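In what follows, a single structure is set out as structure tokens and then discussed.
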Amino acid sequence: MESAEAHVRPSFDAHLQAVDLDLLRKKGTLTLSRTRVLRELETSRNPRYRSQLEKALTDLNAELLRLEPANARTATA
């Protein structure tokens with residue numbers, strides 16, 4: 001019985017690790033995008049483009065907040 005449990009557990013752990021890695025990749029991508037948007041906001045003078053960048057920043061912040069573990073638990077509860 002112990003050998004059966006040992007055989008099942010690694011695949012479960014591997015799945016959790018894959019989910020965690022995917023979450024880290026998404027957060028990294030969003031963080032890089034957020035950094036780029038902030039840099040462009042610093043240098044942009046066009047009001048229309050600034051407005052687009054501000055909306056993009058709001059969306060990126062919301063998505064990053066949604067991916068946080070504490071917020072993910074409350075969103076599903």
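The values are calculated or read from the model by the stated rules, or taken from the named source; none is laboratory data. Computed from a prediction, not measured in an experiment: that's the story for all the values here. Methodologically, a virtual Cβ is constructed for each residue, glycine included, from the backbone with ideal geometry; neighbour enumeration extends over all protein chains shown.
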Checklist entry - Considering Leu38, Leu30, which residue is in contact with an Asp or Glu (Cβ under 7 Å, 6 or more places away or on another chain), modelled with pLDDT of 95 or more and of a type outside the set (D, E, K, R)? => result Leu30
Next on the checklist: Pairs please, first residue from the stretch 21-32 and closer than 17 Å to Asn61 by Cβ and of a type outside the set (Phe, Trp, Tyr), second anywhere and surrounded by 12 or more Cβ atoms within 10 Å (Cβ to Cβ) and at pLDDT below 95, Cβ atoms under 6 Å, 6+ apart in sequence or on different chains.
Outcome noted: Lys27/Leu67
